Amino acid sequence: MELVLKMQKKKESSDHIRTNIHIEVRFLIEDKLNRREEYSCPYFQLTFIIIYIVNNNRELGLSMINSMRRTMTVQGERVTVLKVPWFPQSDSDWKCFVCSLKMCLEYFKNEYNNDIIRQNTPNLDIETLMKITHTRKNTGTPTEGICKKLEKAGLPFKFQLKSSSFPEIEEKLNVGLPAIVIYNGSYLKDERRGPSHAGVVIGMRDDDLILNNPWFGAIYLVDKFKFERAWELEYFKLS
Amino acid sequence: MKQTSIQPHDKKEAEKIAYFLIKSKYGNIPYPDTPILNEKEKIWNVPIKIRYPRILLDDYKKPKKVRFMQEKKVGEIEISSETGEIKSKPTYYELKSSINTYLESIRTTVEKALVKVGAKNFSQLPFPIHIHTPIIDILSNMLTVEKLDLSEELKILSDDDAKKYTRHIDALQKVGLVAVEGTVVFPGDLLIEIEAKGGNISKKLTNAMTIFFSRGYELIDSIRDVLGSHLTMSGIFYEYSLQYDEIIPFNLQSIENIFLGLPQYGMQRKLKIPRYLAQLESVGLIDDNINEKGEVVWCANEDIYRRILKEKELIGSLIGT
């Protein structure tokens, strides 16, 4: 099996119903006949892209996607979520982004149903991710140049700033890809503006997002309507 | 970020420019507040604010609740209302310095309240803890030789030590424990009252220190010289409890992380932490307990915590939501 990592940017889509900063992960699977399959994952303002060549182009079938999910009862209802592990932010208030990034890397490293992706996802600890992203005590993670910082650190992904929407996130969840969303955590709690906060979307229902929230814990249900305003405060809704 | 390409004619656009500048340059924690238009200068002034979350975890690292501290302005961005150009902005280090000053002011406020309320407890710490401080020297002299001629005594000290003694004599004078006439220091009215009540020198010193702490809590720099690490460490328990609105237990690792992370302390203090905890516990400033996981944990003393909560004038600005 030959493995080649290339980088490719994805075109920005301008017709999102509602957008937010997020990172998107894209895997481009290309066989020897140059046939390509592309998978995207909405993510906090950035895009992971892996391009690799394999002998046999393998799409992720339903059974493979299902192996990356689990079904459980939350607040009396059955929900299906991706097996993204949860990393707590502890009492430090500036690590939400790196904790969210760590959750996704752990998912791709340990749960994602593709050997090549698992083997090429590095096992990075929180401290290393803080250094890579220039996350600093009391001020958090600056977005400037964050894509280059992550790429320079040798992560086998392409990162890109990007906007998103609920339908887009749901579409990616359906193919087993989680999303990091940035929203105003303070507004969601008490309708007062505060710092931006990151969390990983691991599932979705008609009325709720299901987040791995570095503050509130794993499988945290948020009403979509309430979430929207906290999301919009981060300036990424297109009118 | 291409802020300069946007033409902000309204508040919303100015806020958006400030938002992208803040998030790209400083981080996700600061945020822009509502812009204020300076019509004369044609400038939008956009305050940069912080409002820190405090995440309370249980013994198993599961989050129990999140509270937010009061918001605080830590900088300002000026944006031309005509062109959208950013006219001025703080550097990262200016913003960081402003944030540090704010966090230090919180620590100071909590320590003042704690010293005021826990004066008697602090005064019961064994005197060898009060090293590097002339306060005990001065009070001991007052209680034994009854006067101190600074013109003679300070001559033999280094300039730095002489300044330190002078500063502490000034602090003791402010709380009424000594009086100064020219270059001679005498016992103040409060020290004379303590002497009149009798007891040995050690007891009189303890009583004098109680008064110094309870009346002199505003002189926090002098008190820090006396109590040093013990005040810092006990302050951590009360600061976090006030921010979470309930008494927070800390295991050894948690308290080490916070204490050793403070700018004035380094890893060399790590070995001393268990002793500090034991000494603070022995005078009732903190309590120890065993959590559900069988770990030893320490927390603020409930009585002192409740009394601090009543010091609304001192700590009112710290209470979050």
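No lab work stands behind these numbers, since they all come straight from the coordinates. Remember, it's a predicted structure, so these values are computed and weren't measured experimentally. Ideal geometry is used to build each Cβ from the backbone, glycine not excepted, and the neighbour counts take in all protein chains shown.
Data table
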read-out	value
Stretch gain in nm, segment B:S88-B:Q253, where the contour uses 0.36 nm per residue and the Cα spacing is subtracted	55.2 nm
Cα-Cα over 25 Å, subset of B:K203/B:K270; B:K174/B:K203; A:K149/B:K73	B:K203/B:K270; A:K149/B:K73
A:R69, B:R67 arranged by Cβ crowding within 10 Å, fewest neighbours leading	A:R69, B:R67
Part-to-part distance (alpha-carbon centres) for the stretch A:62-80 and the stretch A:180-203, which is given in Å	24
Reachable aspartates and glutamates, given that their alpha-carbon falls under 14 Å from the alpha-carbon of B:K293 and they are not under 8 places away in the same chain	B:D58, B:D59
Shape call, the stretch B:95-220: gyration tensor on alpha carbons, a/c limit 1.5	oblate
Cα-based shape type of the stretch A:98-176, given that a ≥ b ≥ c are square roots of the gyration tensor eigenvalues and the cut on a/c is 1.5	oblate
q = 0.12 Å⁻¹, chain B: log10 I(q)/I(0) [Debye, one scatterer per Cα]	-0.91
At R0 = 35 Å, FRET efficiency that the Cβ-Cβ distance of B:T34 and A:D207 yields, to 0.05	0.65
Mean separation of Cα contacts under 8 Å, 6 or more apart, over the residue count of chain B: relative contact order %	17
Angle between chain B longest axis and helix B:11-21 axis [Cα atoms, degrees, rounded to 10]	70
Candidate aspartates and glutamates - alpha carbon under 18 Å from B:K120, same-chain residues fewer than 8 apart omitted	B:E111, B:E193, B:E195, B:E218, B:D225, B:E281, B:D287, B:E302, B:D303, B:E311
Under Karplus coefficients 6.51, -1.76 and 1.60, residue-wise ³J(HN,Hα) of the stretch B:39-48 in Hz, glycine/proline x	5, 5, 8, 6, 10, 8, 9, 10, x, 9
Charge dipole magnitude, Cβ of K and R +1, D and E -1 - the stretch A:88-230, Cα centre, debye nearest 20	600
Residues of type aspartates and glutamates that A:K109 reaches as a straight line, Cα spacing below 14 Å, ignoring anything fewer than 8 places off in the same chain	A:D125
Folded to 0 to 90 degrees: helix B:159-174 orientation relative to chain B principal axis, Cα	90
Residue order, fewest to most surrounding Cβ atoms within 10 angstrom, among B:V297, A:V175	A:V175, B:V297
In the stretch B:135-191, the GluC sites (Glu not before Pro) that fall in loop regions by DSSP, at most 13 other Cβ within 10 Å	B:E146
Percent of beta bridges antiparallel (DSSP, the stretch B:116-318, rounded to nearest 5)	100
Euclidean distance between Cα centres, the stretch B:152-223 to the stretch B:66-138, Å	27
Cα long-axis angle, helix B:220-244 against chain B (0 to 90 degrees, to the nearest 10)	50
Listed pairs B:K11/B:K87; B:K112/B:K312; A:K83/A:K131; B:K23/B:K89 exceeding 21 Å between Cα atoms	A:K83/A:K131
Cα Rg over Rh - the stretch A:112-239, Kirkwood	0.96
Packing-based exposure ordering (other Cβ within 10 Å, fewest first) of A:T143, B:T109	B:T109, A:T143
